[in-house]
Amino acid sequence: MKTTKCILFSFVACLITFVGISQTINLKGQVVASSELEGIHILNISAEEYTITDSKGAFEILTQVNDTILVSSVQYITRKIVVTKEIISAKFIIINLEDRVNELDEVIVGKVLTGDLSSDINNSDAKADINFYDVGIPGYTGKPKTQKERRVLEADGGKFVYYYGLIATVNIHKILNRISGRTKKLKHLVRLEKQDACMDKAIAELSDELFGHIELEETLKMEFFYYASEDPKFLEACKLESDIKLFEFLIDKLLAFNIQVEGSED
């Protein structure tokens, strides 16, 4: 009888242990880093579960004991974490990330100045500023990118696969941003930003001439500009950087807008 009880007790204990180990939970976590916390990739490699952090660095993902969690972002060093029983019991994890830093040796450029202006001028080898063409390196000469455009570049930059001889490296960051929809969302925000900038330009530079040709009630003018900006050709007209082309586009849209207004009044 005692033997049976011992066997039963051992079986129940093993069962409890097994259930505890195999238990799948929604693990909540917090990423701690020096700057950007939104959009950091959290991937449960073992269970093929995926999520990203919110603006405060928080996340939630399905996991169980012995799963491997990969934390990946362009600006931080990638981390792999094996889920322990302690983490499952706590149902919470804090993940600290380190910046990717390329350190350069300290360099002293130029001559040491004394503080005596007349002496320092005579001792100076001052020349015209050097640009990237002078030193033979590529540089960007276009219009400076906005913060939203830089975020798109960070999220979707580079190739999907890089080849180094016989070795191929997959751009996981780019792929995960595409799968999660983050790239699409960021591109949409960039488009809205450009659309707003174009509308501001049209209002400031063309309003007087536009409504001088075709009258419109003051209360409807702003509504018209929003109506015009929703047309995909609106941004195309702005990109031409021709006030005449943009004006012609707006005139056509204003005629169509007036027809809609008159139709709704009837």
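Taking segment 58-78 as the search range and keeping residues that are of a type in the set (Val, Ile, Thr) and either surrounded by fewer than 16 Cβ atoms within 10 Å (Cβ to Cβ) or without any contact (Cβ under 8 Å) to a residue 60 or more places away in the chain (or both), which one is nearest to ASN177 (Cα to Cα)?
That would be VAL71.
Answer with yes or no whether LEU104 is closer than 30 Å to VAL170 by Cβ, among the aliphatic types (A, V, I, L, M) and modelled with pLDDT under 60.
When the stated conditions are applied, LEU104 passes them.
Checking VAL152 against (1) β-branched (Val, Ile, Thr); (2) touching a residue at least 24 places away in the same chain (Cβ under 8 Å); (3) more than 30 Å from ILE40 (Cα to Cα): exactly one of these is not met. Which one?
Status for VAL152: all satisfied but (3).
Might you check whether a residue that is free of Cβ contacts under 8 Å to residues at least 24 places away in the same chain, at positive phi and not assigned by TED's automatic domain parsing to the domain that holds ILE40 occurs anywhere in segment 168-185?
yes
Collect the residues in segment 27-57 that are of a type in the set (S, T, N, Q), more than 18 Å from the chain's Cα centre (by Cα) and either part of a strand (DSSP E or B) or closer than 17 Å to ARG178 by Cβ (or both), keeping them in residue-number order.
GLN30, ASN44
Considering only segment 51-86, state which residues are polar (S, T, N, Q) and within 21 Å of GLN23 (Cβ to Cβ).
Scanning segment 51-86 gives THR51, THR63, GLN64, ASN66, THR68, THR84.
Could you tell me which of the residues ILE203, ILE179 is at pLDDT 85 or above, of a type outside the set (Ser, Thr, Tyr), assigned to a helix (DSSP H, G or I) and under 30 Å from ILE77 (Cβ atoms)?
After applying the criteria, what remains is ILE179.
Assess whether SER207 counts as being at negative phi, under 28 Å from the mean Cα position of the chain (by Cα) and either surrounded by 13 or more Cβ atoms within 10 Å (Cβ to Cβ) or not assigned by TED's automatic domain parsing to the domain that holds ILE52 (or both).
no
Of all residues being at pLDDT 90 or above and assigned to a strand (DSSP E or B) in segment 81-101, which is nearest to ASN26 (Cα to Cα)? Just the residue, please.
So, considering only residues that are at pLDDT 90 or above and assigned to a strand (DSSP E or B), the one nearest to ASN26 (Cα to Cα) is PHE92.
Kindly indicate whether LYS253 is of a type in the set (D, E, K, R), surrounded by 15 or more Cβ atoms within 10 Å (Cβ to Cβ) and either assigned to a helix (DSSP H, G or I) or touching a Leu at 6+ places or on another chain (Cβ under 6 Å) (or both).
In short, yes.
Restricting to segment 227-245, name every residue that is surrounded by 11 or more Cβ atoms within 10 Å (Cβ to Cβ) and outside any loop (DSSP other than H, G, I, E, B).
TYR227, ALA228, SER229, LYS233, PHE234, LEU235, GLU236, ALA237, CYS238, LYS239, ASP243, LYS245, listed by residue number.
Looking for whichever is part of a helix (DSSP H, G or I), more than 30 Å from VAL152 (Cα to Cα) and of a type in the set (Asp, Glu) here; the options are GLU248, GLU215. Which one fits?
GLU248
Restricting to segment 146-200, and then to whatever is more than 23 Å from GLU236 (Cα to Cα) and small (Gly, Ala, Ser), can you tell me which residue is surrounded by the fewest Cβ atoms within 10 Å (Cβ to Cβ)?
Within segment 146-200, the match that is surrounded by the fewest Cβ atoms within 10 Å (Cβ to Cβ) is GLY165.
The values are calculated or read from the model by the stated rules, or taken from the named source; none is laboratory data. Computed from a predicted structure; not experimentally measured. Positions of Cβ are generated from backbone atoms using ideal geometry, with glycine treated the same way; all protein chains shown enter the neighbour counts.
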